[in-house]
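Structure first, then comments.
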Amino acid sequence: MSTIAPAPEKGGMPPLRPQPPQAKPIAATEGNQRPKAERKPSGHSFATFLATIGQLPKRIFQTVFRVVPYPTKPGLIRIGNPGSGSPVLVTTNYDLTVRRMRRALEGLDCYLLVAPSAGIDVWCAATGGRFSIANVISILKTSHIGQLVSHRRLILPQLSATGINIFELRKRSGWSAVFGPVRAEDIPEYLATRRRTKSMIRVSFTIGERLEMATAMWGSLCLRYTLFPCLIFGWRIAPWFAVILGGLSLAVGLGCFKLPGKTFVQKAGFPGLLGIVGLVATLLFPWHPPTLFVVRGTVLIAFASFLTGTAFPSYSPLWPCGYSKLFYGACDLRLSVIEEQCIGCKICDLVCPVECFSLNANRKMTFADADTCVGCGACLIQCPTDAIINEVANEHRMQTAHG
Amino acid sequence: MPYVLMKLFEEAPRRFDKWMRILTLGRLPEIRDEIASSAAAPGVQVLEIGCGPGTLASLLASRGANVVAIDTSEEMLQEAKRKIEGLDIKTRVQLKNVSAMEIEDQFSERTFDRVIGILVLSELTDDEIDYILDECRRVLKSNGQLFVVDEVEPEGFLHRRLLRGLRYPMRLITFLVLQAKDLKSSSLWKKVLYYVIEFPLMLLTFLVVPPATHPISDLDKRVKSAGFRMVNSRNFLGGTLRLVQAERLA
């Protein structure tokens, strides 16, 4: 299950329209321009329209049940006309991830290696041990990529840093690896400039991404918890519960930065309380709904706002997940840097999705901000001198992270 | 037979052999003996892929063969180490934490007289199987032999349907039990709660993800196309388990 850190690997809404089949290839020199700008609106035909309709059930499934793995065939994908010097990118075999990679890479010439990762997205698979060095080696060997390119350099998605130690990868496979950007959309710019800007390294949580994750949370909360109120009030309240969960998911998802309260239970409690007050207020009117309806509604809203509040951090890339903590005892990370061992290589900062580290006066890294840390563990895995330690001894996490 | 249950027993290396014997209705020890008697001889170099708790490796070594046994599970290797500890065969068994995909990097061409893999290939994807068979040929000396024992689909139509019907619920059980793997330290009520809450999502996941192990299709054909000549092959347990012995073509 991909519940360890179910955050989106890439942003943006799922593609609803078919992409034009051909995009004008862009030269490396003008690679700074996003291929999107080069696309022509033509290329739509009835056939592509039908293909989209056929894809619709799958797309809906993948949007609502985003936490469920969805494998596609692992293997080598040639993008454009790659040659022996073309870059080699690696990703996991989550269907949505591969689709977004293809879309983002359109117009470029490169190889895309889709590693077998049980159909889980990059971040979750890497953290849960399903996208590890062994998986990368597997795809390197079976794709025979070594015979296709003259170099031995891989570009890994940055969020795979929670599971793939690049120093060990080089030792075991002979391929050196660098981390690319977090989001697929940034890859064309990264390939053109070979520099990762700050916005490429850090995870974002834009309004589109929040909507996506709210939908995903709604789907899985409905699946997980509808049983409980149904046991008390009967099966008929199931659609009501789904509607309430939907409203609250949307409210928390869109208002996660703005809502009052420190914890997310408080944040979700705010719209929940508004709903309950509104519902109870209807009793003041002469044509009010039956009292039993109001009582049930109050209980449902209270339960739903508790659920959305506890679940939401797990669906965000910015807050550590409480759900996994409850069951796995994972995610309990309190990091500190042993200054004597730090060599100031800055890899921890370069793989940190939320900017926890800063350089101190001695040119050593310090763990600056414990509140922003999402507990992904990327720095722990990558640090070449083991200078970063987890103060909460948590063997379980290390075991899973190393597969 | 539902060899997918094997994934459950991998969690307990010490009892793994016992469970595998039950799962194969007592046939696996027989198969091991058969392989050991035809593969091992004093001075013969053997590579065992996926050695598990090292039962076959020690059997081969006790017949005088020099065995390199590889596995990716550190717990299994520890158990194997414990098994050969203090015995005189210890010097002839070399245990390594190497995955089957890394044979290419670890061993040079024409190193071994025998390569053996029991119930290993069925855990891999089709591409990986073909790659590994290729590598097996590469590391074998001329006239070296490959022994593969693995799950296959039986020949008869009805028989095949029946076994598929049997395998599906077994796969589900295996899948569901393995979901709690990460909850080892949790209390019982937490485990129960976890299953109640997660069951719908688990079921959905089970329906979309491929099985952990699968019967190999066209095992003989694949072995042949990797550059081998069939020497011997036998079916066990109603054609669900197949032993293939093949020789490297010069």
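What follows is calculated from the coordinates using simple rules that are stated; it is not laboratory data. What you are looking at is a predicted structure, and each value in this text was computed from that prediction instead of being measured. In this analysis, Cβ positions are derived from the backbone assuming ideal geometry, glycine residues included, and neighbour counts consider all displayed protein chains.
May I ask you to give the average projected area over all directions of the convex hull of the Cα atoms of the protein assembly as shown, in nm² rounded to one decimal?
Numbers: hull surface 139.0 nm².
Averaged projected area of the protein assembly as shown's Cα convex hull equals 34.7 nm².
Name the residue, out of B:I216, B:I173, B:I129, whose mean-square fluctuation peaks in a Gaussian network model built on chain B with Cα pairs under 10 Å.
Ranking B:I216, B:I173, B:I129 by mean-square fluctuation puts B:I173 first.
Between B:L241 and residues 5 or more places away or on another chain, which pairs have amide H atoms under 5 Å apart, with H built 1.01 Å from N, and which residues are they?
Here the answer is B:V152, B:F236, since their amide H atoms fall under 5 Å of that of B:L241.
Around A:A368, which amide H atoms from residues at least 5 apart in sequence, or from another chain, sit under 5 Å from its own amide H, with H modelled in the peptide plane?
It is A:F357, A:S358, by chain and number.
Taking the Cα centre of the stretch A:115-199 as origin, work out the dipole magnitude from +1 charges on Lys and Arg Cβ and -1 charges on Asp and Glu Cβ, in debye rounded to 20. Working shown, then result.
Details: 12 positive and 5 negative charges, 73 e Å.
Value, rounded to 20: 340 debye.
Indicate the gyration tensor shape class of the stretch A:207-316 (rounded, prolate or oblate), computed on the Cα atoms with a ≥ b ≥ c the square roots of the eigenvalues: a/c under 1.5 is rounded; otherwise a/b larger than b/c is prolate and the rest oblate. Let's see the in-between values first.
Numbers: a/c = 2.27, a/b = 1.42, b/c = 1.60.
Since a/c reaches 1.5 but b/c is at least a/b, the shape of the stretch A:207-316 is classed as oblate.
On the Cα set of the stretch B:126-250, report Rg and Dmax in Å, please.
Gyration radius and largest Cα-Cα distance of the stretch B:126-250: 19.5, 61 Å.
Rank B:A80, B:A36, B:A12 by mean-square fluctuation in a GNM of chain B with C-alpha springs under 10 angstrom and give only the top-ranked residue.
Top of the fluctuation ranking is B:A12.
What is the distance in Å between the Cα centres of the stretch A:88-104 and the stretch A:226-247?
After rounding, the separation between the Cα centres reads 36 Å.
Whose amide H sits under 5 Å from the amide H of B:I116, counting only residues 5 or more places off or on another chain, with H placed in the peptide plane?
When sequence neighbours closer than 5 places are left aside, the close amide H contacts are B:L47, B:E48, B:I49, B:F147.
Go ahead and set up a Gaussian network model of chain B, Cα springs under 10 Å, then flag whichever of B:F147, B:F157, B:F16 fluctuates most.
Evaluated over chain B, the most mobile residue of the options is B:F157.
Which of the chymotrypsin sites (Phe, Trp or Tyr not before Pro) found in the stretch A:269-305 are loop residues per DSSP with 12 or fewer other Cβ atoms within 10 Å of their Cβ?
Hits after loop and neighbour filter: A:W287.
Taking the Cβ-Cβ separation of B:T91 and A:V178 as r and a Förster radius of 35 Å, what is the calculated FRET efficiency to the nearest 0.05? All intermediate terms of the calculation are to be shown ahead of the outcome.
Values: r = 43 Å, r/R0 = 1.24.
Once the sixth-power term is evaluated, E becomes 0.20.
What is the angle, in °, between the Cα long axis of helix B:27-39 and the longest principal axis of the Cα atoms in chain B? Nearest 10 is fine, range 0 to 90.
Relative to chain B, helix B:27-39 is tipped by roughly 20 degrees.
Distance between the C-alpha centers of the stretch B:169-216 and the stretch B:149-167? Whole Å please.
About 24 Å separates the Cα centre of the stretch B:169-216 from the one of the stretch B:149-167.
Per-residue HN-Hα couplings for the stretch B:154-159, Karplus 6.51 cos²θ - 1.76 cosθ + 1.60 at θ = phi - 60°, whole Hz, x for Gly and Pro?
Here the 3J(HN,Hα) series is x, 6, x, 4, 5, 4 Hz.
Roughly how far apart, in whole Å, are the Cα centres of the stretch B:1-29 and the stretch B:46-124?
If we compute the Cα centre of each part, the gap is 18 Å.
Based on the Kirkwood radius over alpha-carbon pairs, what is the Stokes-Einstein translational diffusion coefficient of the stretch B:136-183 at 4 °C with 1.567 mPa s viscosity, in µm²/s?
90
Rounded to the nearest 500, what is the 222 nm mean residue ellipticity of chain B from helices alone, with -39500 (n - 2.57) per DSSP H run of 4+ residues and division by all residues?
Numbers: 10 runs with 116 residues, N = 250.
So the helix-based figure for chain B works out to -14500 deg cm²/dmol.
Checking the a/c ratio against 1.5 first, then a/b against b/c, what shape does the Cα gyration tensor give for the stretch B:158-208? Numbers along the way, then the final one.
Working: a/c = 3.59, a/b = 2.41, b/c = 1.49.
Prolate.
Nearest 0.05, what FRET efficiency do A:K262 and A:Q55 give at R0 = 45 Å with Cβ-Cβ as r? Before the final figure, lay out each step's value.
Details: r = 42 Å, r/R0 = 0.93.
Between A:K262 and A:Q55 the formula returns 0.60.
Enumerate the lysines that A:K198 could reach by cross-link, defined here as Cα to Cα under 26 Å, with residues fewer than 8 away along the same chain left out.
A:K10, A:K36, A:K258, A:K346, A:K364
Please tell me the relative contact order of the stretch A:93-136 in percent, rounded to the nearest whole number, where contacts are Cα pairs under 8 Å and at least six residues apart. Could the numbers behind the result be given before it?
On the way: 32 pairs, mean separation 19.5, N = 44.
Here the relative contact order equals 44 percent.
Normalised by the residues of chain B, what does the relative contact order come to in percent, with Cα pairs under 8 Å and at least six apart? If you can, show how the numbers build up before the last one.
Numbers: 400 pairs, mean separation 52.7, N = 250.
Relative contact order comes out at 21 percent.
If you wrap a convex hull around the Cα atoms of chain B, how much volume per residue is inside, in Å³? Write out the running numbers ahead of the final one.
On the way: hull volume 32.8 nm³, N = 250.
Hull volume normalised by residue count: 131 Å³.
What is the distance, in nm, between label points placed 7 Å from the Cα along the Cα-to-Cβ direction at A:R102 and at A:L283?
5.6
Hey, quick one: spin label on B:V231, modelled 7 Å out along Cα-Cβ, who in the stretch B:39-64 has an amide N within reach, i.e. under 11 Å?
B:39-41
Looking only at other chains, what is the average number of their beta-carbon atoms within 10 angstrom of each beta-carbon in B:100-108? Let's see the in-between values first.
Values: counts 3, 10, 7, 1, 3, 5, 0, 0, 0.
Neighbouring Cβ atoms belonging to other protein chains average 3 per residue here.
Which order results if A:F285, B:F175 are arranged by neighbouring Cβ count within 10 Å, fewest first? Write out the running numbers ahead of the final one.
Details: A:F285 8, B:F175 19.
The most exposed by this proxy come first: A:F285, B:F175.
Between beta-carbons, use under 13 Å as the cut-off and find the net charge around B:E30, counting Lys and Arg +1, Asp and Glu -1.
Values: positive: B:R21, B:R27, B:R32, B:R234; negative: B:D33, B:E34.
Neighbour charge sum, excluding B:E30 itself: +2.
With a ≥ b ≥ c taken as the square roots of the eigenvalues of the C-alpha gyration tensor of the stretch A:28-200, please select rounded if a/c is under 1.5 and otherwise prolate if a/b is larger than b/c or oblate if it is not? Could the numbers behind the result be given before it?
Details: a/c = 1.67, a/b = 1.20, b/c = 1.39.
Oblate is the answer for the stretch A:28-200, as a/c is 1.5 or above yet b/c matches or exceeds a/b.
If r is the Cβ-Cβ distance from A:R153 to A:F228 and R0 is 60 Å, what FRET efficiency results, to the nearest 0.05?
Details: r = 51 Å, r/R0 = 0.86.
Approximately 0.70, to the nearest 0.05.
Rounded to the nearest 20 debye, what is the charge dipole size of the stretch B:158-208 about its Cα centre when +1 sits on each Lys and Arg Cβ and -1 on each Asp and Glu Cβ? Provide the component values of the computation, followed by the final result.
Numbers: 9 positive and 2 negative charges, 64 e Å.
Around 300 debye, computed over the stretch B:158-208.
Do any trypsin sites (Lys or Arg not before Pro) in the stretch B:161-237 lie in a DSSP loop with no more than 12 other beta carbon atoms within 10 Å, and if so, which? Can you show the working numbers first?
On the way: sites: B:R161, B:R164, B:R167, B:R171, B:K181, B:K184, B:K190, B:K191, B:K221, B:R222, B:K224, B:R229, B:R234; in loops: B:K184.
Filter output for the stretch B:161-237: B:K184.
May I ask you to evaluate 6.51 cos²θ - 1.76 cosθ + 1.60, the Karplus curve with θ = phi - 60°, for each residue of the stretch A:92-102 and list the ³J(HN,Hα) values in order in whole Hz, giving x for glycine and proline?
9, 8, 7, 3, 5, 4, 5, 5, 5, 4, 4
Show me, for the stretch B:53-58, the HN-Hα J-couplings you get by feeding each phi into the Karplus relation (A = 6.51, B = -1.76, C = 1.60, θ = phi - 60°), rounded to Hz, glycine and proline as x.
Coupling constants for the stretch B:53-58: x, x, 5, 5, 4, 6 Hz.
Please check which bits of the stretch B:167-198 a label hung off A:A238 would reach, taking the label as a point 7 Å along Cα-to-C-beta and the cut-off as backbone N under 20 Å.
B:195-198
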